[in-house]
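The values are calculated or read from the model by the stated rules, or taken from the named source; none is laboratory data. Because the structure is a prediction, the values reported are computed rather than measured. Cβ placement follows ideal geometry from the backbone for every residue including glycine, while neighbour counts extend to all protein chains displayed.
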Amino acid sequence: MKSLLPALLLSLPALAQTALPDDLQFPRTLVEEGNTALAKLRLNDYLKRHPGHRSATLLLARAYLLEGEPERAQAQLQTLGSPRNDPEYSWVAGLVSAELGKNELALAQLRIAAIQGDDYRYAMDWGELAWRLGRLDLATQAYGRAQQLAPEEPWPRLNAAMIAYAQERYPQAIMALRAAAAELDRQKMPASHPAYPELYFWLGQSLEASGDRAAARSAYLEALRYDPNYSSARRALEALR
């Protein structure tokens, strides 16, 4: 498992962006791209002119978090109090809590963000933390929510399938992986899409574990067709011979 370090998803473009003043659009782009040094300069300057501005404060907290300074991120959040019905605040607070080792609080905050919000990153981060903590049923629930929010994305189904595989629920894993690949096909995604080899590798793993070696072999070959350098798929294919 990867760390929950928020670079994982904070670096992805948001599916549902909060409306921002024009002079915060550039700092948000900087944060999304991981250019935290310049983002902090812009945001601190903005907050001098607009003390306590919610969106600027959340962006600054995210910048500190990306730099590995959760305590400073938490200090920024504390200036906002504890707003209700604010999924973006709950998301950032959950990421901060996770980095501070307050895992149960983080799970609760990320759950609130995922349920109240319409950005699939919130649910993905909830699932990531639950998975990292071994709370597989909760992670599955989180990825189900992520799939609801962004049915066109392959990653929620892939992650849920990997959990199903770990739990030896092979039919569910196979169904999820095939559905994710079919959705990419429906969208006419290019063969270079990074999800394709992952989906077919885990499909091969699930088919092999369920006893269908011929179908597993076809899945591994498909993974290698999308990524000829995918060593895990190549080793799995060789092991079948």
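Looking at segment 144-163, can you tell me whether even one residue there is in contact (Cβ under 8 Å) with a residue 60 or more places away in the chain and aliphatic (A, V, I, L, M)?
Yes, segment 144-163 contains at least one residue that is in contact (Cβ under 8 Å) with a residue 60 or more places away in the chain and aliphatic (A, V, I, L, M).
Is there any pair with a first residue in segment 165-184 that is polar (S, T, N, Q) and a second that is at pLDDT 95 or above whose Cβ atoms are under 6 Å apart and which are 6 or more apart or on different chains, and what are they?
Filtered contacts from segment 165-184: Gln172/Ala164.
What number of residues in segment 70-114 are hydrophobic (A, V, I, L, M, F, W, C) and out of contact with any Leu (no Cβ under 7 Å at 6 or more places or on another chain)?
Kept after step one, since they are hydrophobic (A, V, I, L, M, F, W, C), are these residues of segment 70-114: 73, 75, 77, 80, 91-93, 95-96, 98, 100, 105-108, 110, 112-114.
Next, only the ones that are out of contact with any Leu (no Cβ under 7 Å at 6 or more places or on another chain) stay: 75, 77, 80, 100, 105, 108, 112-114.
Looking only at that region, the number is 9.
Can you tell me how many residues in segment 109-140 are in a helix (DSSP H, G or I) and free of Cβ contacts under 8 Å to residues at least 12 places away in the same chain?
Within segment 109-140, the subset in a helix (DSSP H, G or I) is 109-116, 120-132, 136-140.
This time we only want the ones that are free of Cβ contacts under 8 Å to residues at least 12 places away in the same chain, so: 137.
Of the residues in segment 109-140, 1 are in a helix (DSSP H, G or I) and free of Cβ contacts under 8 Å to residues at least 12 places away in the same chain.
For segment 40-88, which positions are of a type in the set (A, V, I, L, M, F, W, C), over 21 Å from Arg121 (Cα atoms) and in a helix (DSSP H, G or I)? It would help to see each step written out before you state the result.
Within segment 40-88, the subset of a type in the set (A, V, I, L, M, F, W, C) is 41, 43, 47, 56, 58-61, 63, 65-66, 73, 75, 77, 80.
Next, from what is left, pick out any that are over 21 Å from Arg121 (Cα atoms): 41, 43, 47, 75, 80.
Residues satisfying the conditions are Leu41, Leu43, Leu47, Ala75.
Hey, among the residues in segment 4-61 that are among the hydroxyl-bearing types (Ser, Thr, Tyr) and at pLDDT 75 or above, which one's surrounded by the fewest Cβ atoms within 10 Å (Cβ to Cβ)?
Start the filter on segment 4-61 by keeping residues that are among the hydroxyl-bearing types (Ser, Thr, Tyr), which leaves 11, 18, 29, 36, 46, 55, 57.
Going one step further and asking which of them are at pLDDT 75 or above, we end up with 29, 36, 46, 55, 57.
Numbers: Thr29: 12, Thr36: 21, Tyr46: 20, Ser55: 18, Thr57: 22.
Across segment 4-61, the extreme among qualifying residues is Thr29.
I'm checking my understanding of the structure. Among residues of segment 199-241 that are of a type in the set (D, E, K, R) and more than 24 Å from Pro156 (Cα to Cα), which one is modelled with the lowest pLDDT?
Out of the qualifying residues, it is Arg241.
Looking only at segment 89-101, count how many residues are buried (at least 16 other Cβ atoms within 10 Å of the Cβ) and outside any helix (DSSP H, G or I). Steps first, please.
First, the residues of segment 89-101 that are buried (at least 16 other Cβ atoms within 10 Å of the Cβ): 89-99.
Now restrict to residues that are outside any helix (DSSP H, G or I): none.
Number of matching residues: 0.
Give the number of residues within segment 183-241 that are part of a loop (DSSP other than H, G, I, E, B) and surrounded by 17 or more Cβ atoms within 10 Å (Cβ to Cβ).
So the first thing to find is which residues in segment 183-241 are part of a loop (DSSP other than H, G, I, E, B), and the list is 187-194, 210-212, 227-230, 241.
Among the residues that remain, those that are also surrounded by 17 or more Cβ atoms within 10 Å (Cβ to Cβ) are: 227, 230.
Residues flagged as part of a loop (DSSP other than H, G, I, E, B) and surrounded by 17 or more Cβ atoms within 10 Å (Cβ to Cβ) within segment 183-241 amount to 2.
Considering every residue within segment 170-178, establish whether at least one is among the aliphatic types (A, V, I, L, M), surrounded by fewer than 21 Cβ atoms within 10 Å (Cβ to Cβ) and in contact with a Leu (Cβ under 9 Å, 6 or more places away or on another chain).
From segment 170-178, those among the aliphatic types (A, V, I, L, M) are 173-177; that's our starting set.
In the following step, the residues that additionally are surrounded by fewer than 21 Cβ atoms within 10 Å (Cβ to Cβ) were identified as 175.
Still in the list and also in contact with a Leu (Cβ under 9 Å, 6 or more places away or on another chain): none.
So far as segment 170-178 goes, no, none of its residues is among the aliphatic types (A, V, I, L, M), surrounded by fewer than 21 Cβ atoms within 10 Å (Cβ to Cβ) and in contact with a Leu (Cβ under 9 Å, 6 or more places away or on another chain).
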